[in-house]
Amino acid sequence: MNGTGTGTAAPSETELGELRAAVRNFLAAKSDEHAVRTAMGSERGHDEKVWRQMADQLGLQALTVPAEHGGDGLGLVELGVVLEEMGEALLPSPFLSTVVLAATAVVASGDVAAAERLLPAIAAGTLTATLAVPDHAGSWDVGAGLRVTATGGRTGAVLDGIAPIVLDGATADVVLVVADGPDGPALHVIDGDAPGLARTPLRTLDPTRRMARLDLDGVHAEPVGDPASLTAVLDRVLDVATTALAAEQVGGARACLAASARYATERMQFGRPIGTFQAVKHKCADMYTRVQVADAAAREAARAVDGIEGAPAAGIAAAVAHSVCSEAFMAVAAENIQVHGGIGFTWEHPAHLYYRRAKASQLLFGGPAVYHERLLARVGV
Amino acid sequence: MPSEMDEFVATAREFLDANATRRSGSADLPEWGVGEDRITYFSTDPPEVDAAKVAESRAWQRTRYENGFGWVTGPRAYGGRELSTLHDLVYDGLEAEYDVPDTGVLSLIGLGMIGPTILAHARDHIKDRYLPAMYRGDAIACQLFSEPSAGSDLASVETRAVRDGDDWVVDGQKVWTSVAQHAQIGLCLCRTNPDLPKHKGITALLVDMSAPGVEVRPLRQMSGGADFNEVFLTGVRVPDDHRLGEVDGGWRVALTTLMNERATVGGEGAGPAARALSLPFLTELLRANGRLDDGATRRRLAELYADQAATEYLNHQAIRKLRAGTQPGPEASVSKLMYARNLTRGAHFAAEVVGPRLIADTGEWGTYSWTELLLSTPALRILGGTEEIMKNILAERVLGLPKEPSIDSRSPFRELRRSGTAGS
Ligand SMILES: Cc1cc2nc3c(=O)[nH]c(=O)nc-3n(C[C@H](O)[C@H](O)[C@H](O)COP(=O)(O)OP(=O)(O)OC[C@H]3O[C@@H](n4cnc5c(N)ncnc54)[C@H](O)[C@@H]3O)c2cc1C
């Protein structure tokens, strides 16, 4: 163990169990398959009532927002529990964009004014936000140039260019944009309805996660934080975001495993449950093994990102989790369809929704070629 | 609780400093290009070298035992400390920092599996007689379970034990018996009542390996050496007080052994193979072979490392559960599957990098030496319950999938033999 944890104590299993039960009950009531499909087909892609209830009844948006900005100041270990449940239920929601990407970027930037302006509203569930990193490769490679440029001074910049794929970009109330400025790449914030901003919703592989293209033509922006620390900020956001995503992926994979195990027990062919055939049984055991290993990777990454005593270095554990959980979810989602046979290939069966979510999640921050190299970079190879 | 653990660590550290040399360098990594060019898993040494190593193992185990580190979790009555499994793991972690003889010959089977079984099922005077001797390093124990026609289907053992006065007379053949050539005792599963269904007519006996009628014949493994053996038992007399559990109740005894086996096999984090497949060592391997900038090779390295790290995280999680007082669940089987998989993929990865210098020994450091690991990994998918059997267990016991329709669990064993359905 290359322990770098600063000695934060881990939350107790009892507390985590209570949090899990609360989120699970909430999602069972608010985000069953019918609700997911309704949200999927809706204009904004998520149910705004559920978003508000998440804040009012459970305070989920506030969980990881620092206490001085109106949140609970908890960590990824707790947030991971929430995201795992959301992933299992396939909840369509701007949670990942708002609470994970945008809020983490604001906190990491150290910009107190921006934090005071945005974080209390995020915590209260009254503001949605997202982060656009419009690099050329789609892998947060800001050093190689950006497709949005910033001109102007410290008090107000003007942004021009294109951000081709932005998570929840069409609905976010505010958008944090990394743009190439006079001091190199820098973080800015723009309003979602700013003049000069055109937002085009895109067709998406995963209908439960919306994406938009942003065209910026002389959009007024406020700088956020110091450009000198941008690389560190983005590294932190990436560690947090991939760790959060890993938890969500584990939840999705767990749902696929449960569906397969259930179906293998119920479905009869040749006069016996298909789960008695080893080709099916062993598939389920393989799925279980992948889920267990992915689960361990996601949890360890959360502990690392939270700086819990004895945890490995955050950058390494997050990269391990991103790779392992991406591949596990994809494999398990594909096998789930196979175990179900023809019914698994229908639109009406939820298996394809997980398959879509798995592939879209795997590619969200660049995909296998990128995350493998990132992992090697983090371990110094 | 923490202060008690701190104290344990301090005394362990003191003991190790006084009795062993700490490995040089920060990590316990072999330096590339330096030292013995071997990546050993199973032994490939000639018998006399093997015997010398066994003697070293025994001596180190005795030193541990005499200083209170020979059986950390065991009862005081048998020389143990009555501490938790966590203490045991902590001690192992500390000891890994030192250069000490490998005690696998004693611990993997005897201390890890047979000891706990004796503790759970033997009579008190048998425990008195064997347990301290085992944990002191005097008695090596082997597992006389598998037979030519009873492997995965272990409950089909045919070795007979017939009662004769105060003794049992044992006749039959065991196979794949690791460390039998060094062992003083063996735990033997015997058929005592063929008129009962196969799980119900088995009795477990503790056999003195030096008794007349016990013959151990080494079997050469594909890896070259002979770690496992055939054991022939001909009219071997075993006193009834050496029985573990009830007459015909040996299956329960066997389950104790098997449960401990799964716990032992998954957790092997140290040793030459683990060191050779560690990231720094593999990085040096790529560097030495000019492959550090090759995209395809890098991808495979990253995949390999990610799986290794995640498996390690899984083991950490199991340890944290232990610490919180929860018994480890099915993680052990998952770790075992992953361990075999990681080592197998690692060996093939290294082979690919080394290329043709793996097929012929050119004498170049760090090339042909990978053959030892490559030729050992197939066993990891077989021993201690095959990969397929592990998957059956995970699917049926954890996921609750239905069992296969079974034709042989209820009929008397004798009838299965006749109809040829057992042990197939
Ligand atoms: C290096 C080594 C050391 C060993 N040491 C010991 C020891 O010390 N003591 C001891 O008692 N034994 C020992 N064994 C034996 C080991 O436990 C057995 O080899 C193992 O349980 C498999 O039994 P088998 O070899 O008879 O193979 P079989 O059971 O004949 O299996 C052959 C193949 O059939 C598959 N198979 C069998 N049944 C099923 C099923 N129900 N479903 C799906 N697939 C199935 C197996 O997975 C395997 O692929 C050792 C083995 C090795 C390789």
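The values are calculated or read from the model by the stated rules, or taken from the named source; none is laboratory data. Since this is a predicted model, take the numbers as computed values, not measurements. Heads up, the Cβs are rebuilt from the backbone with ideal geometry, glycines too, and the neighbour counts pull from every protein chain shown. Each accessible area value is taken on the protein alone, full model and side chains, heavy atoms only, with ligands, DNA and RNA left out. Shrake-Rupley method; radii C 1.70, N 1.55, O 1.52, S 1.80 Å.
Some observations on this one:
- Leading residue by the ranking (nearest to A:Ala103 (Cα to Cα)) among those in region A:193-210 that are open to solvent by less than 30 Å² (accessible area, probe 1.4 Å) and within 20 Å of the chain's Cα centre (by Cα): A:Arg209
- Only one of the listed residues (A:Arg357, A:Arg374) is open to solvent by less than 10 Å² (accessible area, probe 1.4 Å) and modelled with pLDDT of 95 or more. That residue is A:Arg357.
- Some residue of region A:15-30 being outside any helix (DSSP H, G or I) and either closer than 26 Å to A:Leu205 by Cα or in contact with a Leu (Cβ under 9 Å, 6 or more places away or on another chain) (or both): no
- Odd one out for B:Ala324 among (1) more than 30 Å from B:Ile202 (Cα to Cα); (2) surrounded by 15 or more Cβ atoms within 10 Å (Cβ to Cβ): (2)
- Filter result for A:Ala115 (free of Cβ contacts under 8 Å to residues at least 60 places away in the same chain and either open to solvent by less than 40 Å² (accessible area, probe 1.4 Å) or under 30 Å from A:Gln57 (Cβ atoms) (or both)): yes
- Pick from region B:1-36, criterion assigned to a loop (DSSP other than H, G, I, E, B) and buried (at least 16 other Cβ atoms within 10 Å of the Cβ), ranking: modelled with the highest pLDDT: B:Ala20
- Considering B:Ile114, B:Ile109, the condition of being aliphatic (A, V, I, L, M), more than 20 Å from B:Tyr41 (Cα to Cα) and open to solvent by less than 30 Å² (accessible area, probe 1.4 Å) is satisfied by B:Ile114 alone.
- Residue identified as in contact with a Ser or Thr (Cβ under 9 Å, 6 or more places away or on another chain), free of Cβ contacts under 8 Å to residues at least 24 places away in the same chain, surrounded by fewer than 22 Cβ atoms within 10 Å (Cβ to Cβ) and at the interface with chain A (Cβ under 9 Å from one of its Cβ atoms) among B:Leu286, B:Leu292: B:Leu292
- When A:Gly310 is tested against (1) at pLDDT below 95; (2) among the small types (Gly, Ala, Ser); (3) touching a helix residue (DSSP H, G or I) at 6+ places or on another chain (Cβ under 6 Å); (4) open to solvent by 20 Å² or more (accessible area, probe 1.4 Å), only condition (3) is not met.
- Enumerated helices (runs of 4 or more DSSP H) restricted to region A:313-381, each holding at least 3 residues that are farther than 29 Å from B:Arg291 by Cα: A:314-340, A:351-363
- Region B:260-277: number of residues that are within 11 Å of chain A (Cβ to nearest Cβ) and at pLDDT 90 or above: 0
- The set of residues in region B:220-238 being at pLDDT 95 or above, of a type in the set (A, V, I, L, M) and within 15 Å of the ligand (Cβ to nearest atom) consists of B:Val231, B:Leu233.
- All positions within region A:269-288 that are open to solvent by 10 Å² or more (accessible area, probe 1.4 Å) and either part of a helix (DSSP H, G or I) or of a type in the set (S, T, N, Q) (or both): A:Gln269, A:Ile274, A:Gln278, A:Ala279, A:Val280, A:His282, A:Lys283, A:Asp286, A:Tyr288
Quick grid of which residues meet (1) surrounded by 13 or more Cβ atoms within 10 Å (Cβ to Cβ); (2) among the acidic types (Asp, Glu); (3) not assigned by TED's automatic domain parsing to the domain that holds A:Glu84:
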| residue | (1), (2), (3) |
| --- | --- |
| A:Gly17 | no, no, no |
| A:Arg20 | yes, no, no |
| A:Phe26 | yes, no, no |
| A:Glu33 | yes, yes, no |
| A:Gly41 | no, no, no |
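- Any hit, region A:226-243, residues being in contact with a helix residue (DSSP H, G or I) (Cβ under 6 Å, 6 or more places away or on another chain), buried (at least 23 other Cβ atoms within 10 Å of the Cβ) and within 11 Å of chain B (Cβ to nearest Cβ): no
- Across region A:263-287, the number of residues qualifying as more than 18 Å from B:Ser333 (Cα to Cα) and at the interface with chain B (Cβ under 9 Å from one of its Cβ atoms) comes to 8.
- Residues that are assigned to a helix (DSSP H, G or I), within 16 Å of the ligand (Cβ to nearest atom) and either within 20 Å of the chain's Cα centre (by Cα) or without any contact (Cβ under 8 Å) to a residue 24 or more places away in the chain (or both) do occur in region B:134-143.
- Just one of (1) in contact with a Leu (Cβ under 7 Å, 6 or more places away or on another chain); (2) under 26 Å from B:Gln308 (Cα atoms); (3) open to solvent by 10 Å² or more (accessible area, probe 1.4 Å); (4) not charged (D, E, K, R) fails for B:Gly346. It is (3).
- Taken over region A:179-191, the criterion of being surrounded by fewer than 19 Cβ atoms within 10 Å (Cβ to Cβ) and either farther than 26 Å from A:Ala115 by Cβ or touching a residue at least 40 places away in the same chain (Cβ under 8 Å) (or both) is satisfied by A:Asp183, A:Gly184.
- For region A:206-239, the tally of residues that are touching a strand residue (DSSP E or B) at 6+ places or on another chain (Cβ under 9 Å) and not in a strand (DSSP E or B) stands at 11.
- Total residues in region B:349-396, condition more than 14 Å from the ligand (Cβ to nearest atom) and within 14 Å of another protein chain (Cβ to nearest Cβ): 2
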